[in-house]
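The block underneath contains the structure these notes are about, expressed in structure tokens.
The values are calculated or read from the model by the stated rules, or taken from the named source; none is laboratory data. Note that the structure is predicted; figures quoted are calculated from it, not measured. As a convention, Cβ positions derive from the backbone with ideal geometry for all residues, glycine included, and neighbour counts pool all protein chains shown. The accessibility values were calculated without ligands, DNA or RNA, using every heavy atom of the protein model including side chains. Shrake-Rupley method; radii C 1.70, N 1.55, O 1.52, S 1.80 Å.
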Amino acid sequence: MKIAFISDIHGNAVALEAVLNDIKKRDLDKVFVLGDICYRGPEPKRSLDLVRSLNTKVIKGNADEWVIRGIMDGEVPESVSKMMSKERDWIFSHLDDTDITYLQELPSELNLKIENVKIHAYHATPNSLFEVVLPNESDENVKGKMMTEDADLYVYAHIHKPFIRYIDGKCIMNIGSVGLPFDGLTMASYALIEIESSFYQASIVRVKYDLDKVIEQFSVSDYPNKEKMIKVILEAKI
């Protein structure tokens, strides 16, 4: 069986379409979504509609939580809090009540068993939508923060920097971001897992998408932080 994990779309429906087209070409069996669907992109509604059309398991990310209830004090640096709240309000205004209810009711983790491979998937950590675990975190910290349940493969998102590590015979991978990569490569990112019996192969797939189209969408919109977001899209870093 071949499956994909996608996440951190951030309202970039153009990038999401490119990823879904790539997944279709590879004839994958299943796609799972690890959150951050709408916030900080020019097409929040279309991004959410595309995710919902997959009829698959979807979990909540921190940005989905922000869309639902706003950004609370201390969750982002004070210097950017006001602008990020304006962005959240813009996103919220482009969704309807059904969309908000859908985001609100999303679970926070996935426990999967595919053939004989156990997978634990979550947005940031099993206990938080917000905690940051970077690629250079020590093995002990990764085990303590991320490997809290028995699994063969641990899959997360949130940091927008994909990587794959093996610790004590277990695999942990970050799948990167579909819509806002932060690793300097201006290509959408997702995870591809190929499973056969008790064996699996994990890899990161990068997909080109039409950056100019997304920049144009921001440019002609009244998005409140569009200059900053255009810069992030062009540089793939924040």
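Would you mind getting me the FRET efficiency between Phe130 and Ser79? Use the beta-carbon distance for r and R0 = 22 Å, nearest 0.05. Before the final figure, lay out the partial values.
Working: r = 18 Å, r/R0 = 0.81.
Step by step, r from the Cβ atoms, then E = 0.80.
By how many nm would the segment from Asn225 to Ser197 grow when fully extended, if each residue of separation counts as 0.36 nm and the alpha-carbon distance is taken off?
On the way: separation 28, 0.36 × 28 = 10.08 nm, distance 4.78 nm.
This chain segment gains 5.3 nm when fully extended.
If the limit is 30 Å between Cα atoms, which of Lys145/Lys228; Lys57/Lys143; Lys145/Lys208; Lys57/Lys208 go over it?
Lys145/Lys228; Lys145/Lys208
Taking a ≥ b ≥ c as the square roots of the Cα gyration tensor eigenvalues, with a/c under 1.5 meaning rounded and otherwise prolate when a/b beats b/c, else oblate, which class fits the stretch 65-152?
oblate
Annotation for Lys118 and Asp168: the two label points, set 7 Å from Cα along the Cα-Cβ direction, are 1.3 nm apart. Computed over the chain, the per-residue total of -39500 (n - 2.57) for DSSP H runs of n ≥ 4 gives a 222 nm mean residue ellipticity of -10500 deg cm²/dmol, rounded to 500.
If we count trypsin sites (Lys or Arg not before Pro) as exposed when they sit in a DSSP loop and have at most 15 other beta carbons within 10 Å, what is the longest stretch of the chain that avoids them all?
Working: sites that count: Arg26, Lys57, Lys208, Lys237.
Here the longest segment lacking exposed loop sites spans 58-207.
Note: relative contact order over the stretch 1-83, using C-alpha pairs below 8 Å and six or more positions apart, is 31 percent.
Say R0 is 22 Å: what FRET efficiency, to the nearest 0.05, do Asp96 and Asn55 get from their beta-carbon distance?
Values: r = 20 Å, r/R0 = 0.89.
Efficiency at R0 = 22 Å is approximately 0.65.
What's the magnitude of the charge dipole for the chain around its Cα centre, counting Lys and Arg as +1 and Asp and Glu as -1 at the beta-carbon? Answer in Debye, nearest 20. Show your work: numbers first, answer last.
Working: 29 positive and 38 negative charges, 85 e Å.
So the dipole magnitude of the chain works out to roughly 400 debye.
If you run the Gaussian network model on the chain, springs between alpha carbon atoms under 10 Å, then out of Glu109, Glu131, Glu149 the most flexible one is Glu149.
Probe radius 1.4 Å, ligands and nucleic acids left out: which of His94, His158 has the largest accessible area, and how do the rest follow? Please list the in-between numbers first.
Values: His94 85, His158 30 Å².
Order by accessible area, largest first: His94, His158.
Restriction of the GluC sites (Glu not before Pro) in the stretch 37-107 to DSSP coil positions whose beta-carbon has at most 15 other beta-carbons within 10 angstrom yields Glu75, Glu105.
The mean sequence distance of close C-alpha pairs (under 8 Å, at least 6 residues apart), as a share of the length of the chain, puts its relative contact order at 23 percent. Between the stretch 188-222 and the stretch 70-98, the alpha-carbon centres lie 25 Å apart.
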